[in-house]
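Worksheet: one structure, shown below.
Only the coordinates and a few stated rules stand behind these numbers; no lab work does. These numbers come from a predicted model, not from an experiment. Ideal geometry is used to build each Cβ from the backbone, glycine not excepted, and the neighbour counts take in all protein chains shown.
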């Protein structure tokens with residue numbers, strides 16, 4: 001069987017003529033590094049023909065790849081330290097492998113993190129600006145790919161690997177989800193957004209897995225977009241090829257619907273077996289997830305900037321939370337007090353806090369209150385991004401036959417498990433006080449309290 005496949009991969013299969021040409025070139029690269037698109041390396045026949053020279057597949061960050069190229073340059077004086085292969089079909093590869101030959105024939109194929117669309121275009125443009133060393137032709141005289149020299153000093157790869165939000169999600173069958181990132185974090189309806197995922201296999205995978213990604217509105221729970229793809233398909237390295245310890249970073253893109261409502265969205269992802277469609281169990285922080293999926297990332301869909309508050313407060317709390325101001329909607333019914341708070345995260349917020357609002361009369365008697373996490377618990381403070389403004393609406397139920405007069409509204413935050421309140425920065429108290437006037441059953445703002 002081994003001899004038959006060797007003959008098939010090398011000579012017989014016409015569709016594999018490209019594989020033979022590429023493998024012959026790459027196997028001849030003694031002492032030099034080659035940057036090649038995943039689509040070339042991961043082709044079944046090409047990989048088979050490269051096994052003798054590059055039996056090891058691992059993952060490498062851009063920092064590691066840069067160090068390899070810099071160290072390698074010292075041993076290849078007068079020759080290109082690294083060459084790059086680009087397909088002649090005009091495509092712009094985003095997934096790459098750095099092939100490192102070694103004298104003992106234990107060469108290594110270093111799988112690099114997937115490039116964004118902009119990064120991939122920059123790489124292709126920089127490479128195309130140089131004169132190719134040679135063109136690889138198949139048996140029919142068709143150009144398969146061009147080989148370009150690269151200058152390590154101007155190597156068009158990112159200087160560092162993108163930072164992802166760390167995760168600790170364990171899928172059964174030996175798959176870990178280590179991180180994620182949403183790019184951009186704010187978009188308009190109809191715009192393309194990308195979800196970056198970082199995976200690691202803990203042992204050999206005995207099956208191919210498919211990935212589902214659902215984008216849903218955090219306030220309504222409604223799903224507005226979804227993607228179903230084979231795990232590893234975005235980098236053309238399917239999961240049954242993953243070796244123990246391999247780290248894979250890939251990118252999945254969405255096109256937002258043109259009528260996507262404004263609001264905050266999150267991603268729900270999970271895995272299932274391609275053959276049986278059975279979902280793969282998920283463990284998060286040691287607990288089995290009830291839905292065999294995990295919710296991660298955050299995307300804000302916004303058409304226009306949020307309006308400023310009608311009543312400015314600009315009061316900073318501990319843990320990077322600023323109360324910018326509030327609105328009193330004029331449409332509030334006489335038996336409710338409608339309030340819209342304007343919060344802003346001035347930095348990373350460490351945990352989830354509960355908002356309290358207490359309405360007191362002139363005798364300090366509590367006449368109404370409401371305590372809940374922002375946006376009825378649907379948008380906890382730990383999800384807020386630095387600089388983000390969050391509108392948070394409340395409707396306090398008022399007692400029947402409530403009298404007109406002067407009232408005080410106290411607003412603050414606390415940690416629900418401990419009851420500890422956040423203090424105002426530079427002040428001793430733990431709430432903001434706003435003076436209200438009730439006349440003919442309607443409230444109006446009369447100033448800021450003490």
**Prompt:** Quick one: helix 17-27 against the long Cα principal axis of the chain, what's the angle to the nearest 10°, folded into 0 to 90?
**Reply:** 90 degrees
**Request:** Determine, for each peptide in 132-142, 164-174, the mean count of other beta carbons within 10 angstrom over its residues, then list the peptides with the highest first.
**Result:** 164-174, 132-142
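Give me the percent relative contact order of the stretch 141-217, please, defined on Cα pairs under 8 angstrom at least 6 residues apart.
So the answer I get is 22 percent.
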**Request:** Using only the C-alpha atoms of the stretch 36-126, find the volume of their convex hull and express it per residue in Å³.
**Result:** 114 Å³
**Request:** Just report the Cα centroid separation between the stretch 133-178 and the stretch 204-281, whole Å.
**Result:** 21 Å
**Complete:** Computed, not fitted: 222 nm per-residue ellipticity of the chain from DSSP H runs ≥ 4 (each -39500 (n - 2.57)), nearest 500, equal to -3000 deg cm²/dmol
**Principal axis box of the stretch 344-428, alpha-carbon based, largest edge first, Å** = 43, 29, 25
**Request:** Treat the count of other C-beta atoms within 10 Å as a stand-in for reagent exposure and order 118, 434 from fewest to most.
**Result:** 118, 434
**Request:** Just report the Cα centroid separation between the stretch 36-53 and the stretch 324-366, whole Å.
**Result:** 61 Å
**Asked** Which percent, to the nearest 5, of DSSP beta bridges fully inside the chain are antiparallel?
**Response** 95 percent
**Asked** Relative contact order, percent, of the chain when contacts are C-alpha pairs under 8 Å separated by at least 6 residues?
**Response** 10 percent
**Request:** State the three equivalent ellipsoid semi-axes of the chain, derived from the C-alpha gyration tensor as the square roots of 5 times its eigenvalues, in descending order and whole Å.
**Result:** 58, 22, 19
**Prompt:** In a solvent-free Debye calculation with one equal scatterer on each Cα, what is log10 I(q)/I(0) for the stretch 284-334 at q = 0.32 Å⁻¹, listed in the order of the q values?
**Reply:** -1.13
**Request:** Could you work out the mean projected area of the convex hull around the alpha carbons of the stretch 192-271, in square nanometres to one decimal?
**Result:** 5.5 nm²
**Asked** Helix 117-128 sits at what angle to the longest principal axis of the chain, using alpha carbons and giving 0 to 90 degrees rounded to 10?
**Response** 30 degrees
**Prompt:** Arranged by the count of other C-beta atoms within 10 angstrom, fewest first, what order do 298, 198 take?
**Reply:** 298, 198
**Request:** Alpha carbons only, please: Rg and Dmax for the stretch 2-154, in angstrom.
**Result:** 15.0, 45
**Request:** Compute the relative contact order of the stretch 311-448 as a whole-number percentage, counting only Cα pairs closer than 8 Å that sit 6 or more residues apart in sequence.
**Result:** 25 percent
**Item:** Extended-chain gain in nm, criterion 0.36 nm per residue less alpha-carbon gap, residue 168 and residue 378
**Value:** 73.4 nm
